[in-house]
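The values are calculated or read from the model by the stated rules, or taken from the named source; none is laboratory data. Fair warning: this is a prediction, and the values are worked out from it, not measured in the lab. All Cβ positions, even for glycine, are placed from backbone atoms using ideal geometry, and neighbour counts span all protein chains on display. Note: areas computed on protein heavy atoms with side chains; ligands, DNA, RNA excluded. Shrake-Rupley method; radii C 1.70, N 1.55, O 1.52, S 1.80 Å.
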Amino acid sequence: MSALRLPEDVMRALGHRGVDLLVEHFARLADDPVSGVKYAPPREWEEVPRAAAPDPLAVLEETCRMLRHGNAHPDHPRFLAFVPSPGNFVSVLAAALATGFAVPGGHRLTGPASADVELTTVRWLVELLGLPPGSGGLFVPGGSMANLTALTVARDRRGPGTAYFSDQTHFSVPRALHVLGVGADRVRRLPSDGAQRLDVDALASAVRRDRRRGLRPFVVVANAGTTSTGAVDPLPRLAEFCRAEGIWLHVDGAFGAAAALTDAGRTLLDGLGLADSWTVDPHKWLFQPAESGCVLLRRPHELRESFGVDLPGYLDNSAAGDGDFLQYGIQLTREFRALRLWLSLKVFGADAFRDAVARGMRNAEEAGRFIDAEPGLELVTAPSLAVLTFRCAGADADRVCRRLATEGYALVMPTTVAGERVLRLCTINPRTSAGELRRIVTRVRELSLDATA
Ligand SMILES: Cc1ncc(COP(=O)(O)O)c(C=O)c1O
């Protein structure tokens, strides 16, 4: 095995077995527990493996056992915690192929086809989400990087100054501002209204106050689906306010923007297209594997104005046009992430994606009905996009979730709504059945009775 090569027959044997194990994962995941992970790294990991393994297949099998049983799986149909990542086999294959063929993902000179695939996929995404034609951007590792990228452009165009968002906003937003050097004294985390939305009147007062102090408001971050309750900020009013004030409007749709694929979602996300920039996370509700994030701008050339650099001689002349993503974002060497969404859209078709998103929304409605019908359980926030929260009379939500996780059937996590600890379901996995949701709700009720006893 000199020069890190394997004989062809060994590569094939490893590859075929690896694909078989992945197919088993996709076909039979629902039969496995979702959590209850008990795992300790083996002693042998303490030493660097110096010599070649006598049986590479055995190493692969052992590794897959660790991957399978040593972790919870965010693509499991009963993983209803956080924002799940219900991927798909085609995109997993695309990720392996892009890596295997060593496709350059940032440079038109060396990757003309990958540049065109990424530009095309971004254009498809803009159209599917109903964003203004001509909007564009690039794939990034995830929502946190998309927020950082968009906020950098906002700062460059309208700042530096003060930033505004509701207290329901994902922590990646204040973290991005911190990275950008926007100090805590210039960050306004505003109390949300009774429906967990950014209060436009409170925002207007904060902006007025800051202007009187001589500060310069530069960005409002709105949510198209908060992580905690799926709340959607009042996008049309925010857009009108920001336009009048000359403030950049960034919409964090990492989780929720995908709902715009459906008619019902597009109504809920009215005004989505009015922003200056958007975060979309295909590794959430567009069924891609981690890390598949995307940042989109109404005027994509502004990315280049923020991130473009004078290239050194060895790169000169090669980074001049569309698809030279090294000039449009933070990364130079990049994975070819766009291939995942591109290949899965081509294989399944966009209608299948729309139906899968709609299914996640229906699942939340269905779970809401099960909760309503279960004595002792009560909705705290109604299904919004595909998130709902509920309480169990008299029971400790954290304790119920911990008990559920220990049993391994479903992973449900609590959240805090208006100061109260409540249970939360995020139902975006289209493979979650109504029967599973009913069983989870029933079990929560049983555990809550047990916990109050
Ligand atoms: C609304 C929202 N924004 C941003 C993020 C961060 O995304 P990522 O984990 O891909 O960095 C998340 C993650 O759950 C999210 O829900």
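FRET efficiency for R208 and A393, Cβ-Cβ distance as r, R0 = 41 Å, nearest 0.05? Write down the numbers at each step before the final one.
Working: r = 43 Å, r/R0 = 1.06.
After rounding to 0.05, the efficiency reads 0.40.
Taking 0.36 nm per residue of separation and subtracting the current Cα-Cα distance, fully stretching the chain between D355 and E407 would add 15.6 nm. Rounded to the nearest 20 debye, the dipole magnitude of region 357-452 is 260 debye, with +1 charges on Lys and Arg beta carbons, -1 on Asp and Glu beta carbons, and the Cα centre as origin. Its alpha carbons give the chain an Rg and a Dmax of 23.4, 73 Å. Net charge in the neighbourhood of L423 (other residues with Cβ under 10 Å of its Cβ; Lys, Arg +1, Asp, Glu -1) is +2. Measuring only protein heavy atoms, the 1.4 Å probe finds M11 accessible over about 100 Å².
Over the chain, what is the relative contact order in whole percent, taking alpha-carbon pairs under 8 Å and six or more residues apart?
21
In this Cβ point-charge picture (+1 for Lys and Arg, -1 for Asp and Glu), the chain has a dipole of about 920 debye about its Cα centre.
A simple spin-label model places pseudo-atoms 7 Å from Cα toward Cβ; at L67 and L379 they are separated by 3.9 nm.
Please compute the net charge surrounding L180, taking Lys and Arg as +1 and Asp and Glu as -1 over other residues with Cβ under 11 Å from its Cβ.
Details: positive: R155, R175, R186; negative: D156.
Neighbourhood net charge equals +2.
Among D9, D193, the sequence by solvent-accessible area, most first, with a 1.4 Å probe is D9, D193. Modelled spin labels at D263 and A195, positioned 7 Å past Cα toward Cβ, are 2.2 nm from each other.
Quick one: plug the Kirkwood hydrodynamic radius of region 261-420 (C-alpha pairs) into Stokes-Einstein at 10 °C, 1.306 mPa s, and report D in µm²/s.
For these conditions, the coefficient is 81 µm²/s.
In the chain, helices alone account for a calculated mean residue ellipticity at 222 nm of -13500 deg cm²/dmol, with every DSSP H run of four or more residues adding -39,500 (n - 2.57).
Using r as the Cβ-Cβ distance of R50 and A418, and R0 as 45 Å, what FRET efficiency do you calculate, to the nearest 0.05?
Working: r = 58 Å, r/R0 = 1.28.
Here the calculated transfer efficiency is 0.20.
Taken over the C-alpha atoms, region 96-350 has Rg and Dmax values of 18.0, 57 angstrom.
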